[in-house]
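None of the figures in this text is laboratory data; all of them are computed from the coordinates on show. Only a predicted model underlies this, so the values are computations on that prediction, with no experimental measurement involved. Note that we place each Cβ from the backbone using ideal geometry, even for glycine, and neighbour counts take in every protein chain shown.
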Amino acid sequence: MINFNHFTRNLPASLVNLTKIFRLEAFYNKFTGKLPPEIGMICPDSLNLGKNQFMATTVQDWEFMTLLTNCTRLRILNLQYNMLGGVLPSTIANLSTQLQVLYVGLNEISGKIPFGIGNLVGLNQLQLSGNQFTGALPDTMGRLNSLQYLVFNHNLLTGFMPSSLGNLTQLLIMCTDGNMFEGPLPPSLGRLSEITLATFSNNKFTGPLPKQIFNLSSLSDILDLSSNYFVGPLPPEVSGLTNLARLHLSQNNLSGPPPDALSNCQSLTELGLDDNSFVSSIPSSISQMRGLLLLNLTKNTLSGVIPQDLGLMGGLEVLYLAHNNLSGHIPESLENMASLYQLDLSFNHLNGKVPSRGVFSNASEFSFDGNLRLCGGISELHLPPCQPESVGHGLSKRHLTITLVTSIAGMILALSVILVYFTMRKKPKARSTTTGGFQLMDDNYPRVTYAELVQGTSGFAVDNLLGRGRYGSVYKCCLLLKNMMTTVAVKVFDLQQCGSSKSFLAECEALSKIRHRNLISVITCCSSSDLNQNDFKGIVFEFMPNGSLDRWLHMDVHVSHQLQGLTLIQRLNIAVDIADALDYLHNNCEPPIIHCDLKPSNILLNEDIIAHIGDFGLAKILPEPAVEQLINSKSSVGIRGTIGYVAPEYGEGGQVSSCGDVYSFGTVLLELFTGMAPTHDMFKDGLTLQKHAQNAFPGMLMQIADPVLLSTEEANANSLQDG
């Protein structure tokens, strides 16, 4: 194996002399030129030449493929990510029936897919995407009944999709998007009882949506039918998608009312019905989909009022209702949605007062253009003030009584508050600051003023900025602690950000209860006012000179020359450190604490590369006495965590448990040893970091390992030999 190097020029034809070679892998190099025909005479079990710059334009350039037909033991053939062009030779149909993996995607291959490809009955993975294949998809593909992975997206394929694809009953993933297929989807696709991901977007499919495909309860990742020409209603059979996470139906010609049956899709996190012709009102039953993160109903013909019940969707983050015929007031229940950070109500017929809390408190997160009768809201919206409602002479005695009782109760409450205030003033001042029933600092914590933090960070200068998060920024700071200048890290909370104050309190409460060598240590906190008398909140931590794990795993060009890269032993030790910290939080801390946002950027390394978990702003302290009661308790703030790391079950109702942290830990482990973040650009069309690792055959594990790890270990091995 010569994977992950910088070999250039042509692959030597002399490799043919390696007559007993079992596996030839030259993945991820810079080989150029044409593949020597002799490669086809080596006959290994695995031939992996992907991610190079090999070229082909003529029939002669593909001669190696003809010679490979004599290799009866060939099991894996990977030619993806090259510059192979011309026509895929028909001799590919004569390859061994033992072939299991055939990757030729992301090249420049043109012409038709060979009709004889159906002869490769041993295939379980076929990758043809990202080429220039034309013509119809061969009906013979229906013979490949061992296929689990079939992708031919982003080509120039035309015609009807063959009904024989319904014979591929073991199929797990099928990607057909980005072609020019026409006609209806074949009903036979309803026989794909194992499929988890299916994409048909950006084609020219017509006709009604096939009811059969909605009966596939195995679909769990994504069903994408967007950007086609489907017509008619969304059938009630959509209720069969009980395990699906993402349903995209945008940019079609669908009509009729959105069915109540959608509420049965309790696993959905994304629902895109935008750019269609849906009519009637928004069904309030949508609010029963408590795991939904994104709901897009833009550019339809929906009318009526916005249901108040939408405010019950505590985990909803993005809500698009623009370009419809909605009327009435904006429901005040929407301002109580803690997770909602983007709301577009533009170009409807809404009227009345705009709420001012929650998503409505940030003008950049709330769009309302085209609603000419709105008033009030925060000043940044520049809306006219709302006119006070006139009180007529016909005010009933009942209303008058309610008004008087309310006023009197308010006066009594105000007097009570004043009395308590003056009573408290007579007591001696406490030497500690408490918030929400827990102590922020006591005599064990040094007192730090806002002025000291300003001085220690040079006015929170950019040069001292260590990183930014959702709720604030972290700065390097020099403070005089115990008569000694000490370098610390101070997290300054952006109190203009919705939820920031709550995050500050949550982090203080969690940090006040924990002590462990692999958890970040809090030095003190500061809850004060800045020079403009605005609230200021910050937490001071011990300084971690080696920064975050994310910095080491994804080094940019500015720091890569300074950092050699983490060795295998260091990565294993980091994994053990994280596991120790989670074990403490879950099993040895009273009460147990769930971190809820475990990811590399929240794992910090000290001078000895010992890992410390930080950022407890989303942490959940499980209520006592019985942990068993907590596992089923639901978070009141919706889904906790970061996309890519958050546990899937959190999307089904916001359940917070130690299992969620364990899922995040597993994702961090994969990133630690592959060097790839779960949000990498390559993870699309249903491919995830987890599936990327699962799909790696035992002989291809080195292919998914972090190249930096491999080069670091190689450099260490060479230094030992030189020594």
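Length gained on full extension, ASN215 to GLU713: 174.3 nm, using 0.36 nm per residue less the C-alpha separation.
Nearest 0.05, what FRET efficiency do ILE378 and THR57 give at R0 = 41 Å with Cβ-Cβ as r?
0.10
Please check which bits of the range 287-331 a label hung off SER364 would reach, taking the label as a point 7 Å along Cα-to-C-beta and the cut-off as backbone N under 19 Å. In the range 287-331, the label zone of SER364 (backbone N under 19 Å from the point 7 Å along Cα→Cβ) covers 317-319. For the range 440-543, the C-alpha radius of gyration sits at 1.01 times the compact-globule guess of 2.2 N^0.38 Å, with N the residue count. The range 320-395 gives an Rg/Rh value of 1.01, both radii derived from C-alpha positions and Rh following Kirkwood. Between GLN496 and THR169, full extension at 0.36 nm per residue minus the direct alpha carbon distance yields a gain of 112.4 nm. On a 19 Å Cα-Cα criterion, which of the cross-link pairs LYS30/LYS51; LYS502/LYS620; LYS476/LYS537 come out too long? Result: no pair exceeds 19 Å. Based on alpha carbons, the Rg and Dmax found for the range 95-169 are 11.5, 31 Å. Taking the simple approach of a point 7 Å from Cα along Cα-to-Cβ for both ALA451 and ARG73, what is their distance in nm? Label at ALA451, label at ARG73, 8.0 nm between them. Using a Förster radius of 35 Å, what is the FRET efficiency between ILE569 and ASN145 based on their Cβ-Cβ separation? Nearest 0.05, please. In this case the efficiency is close to 0.15.
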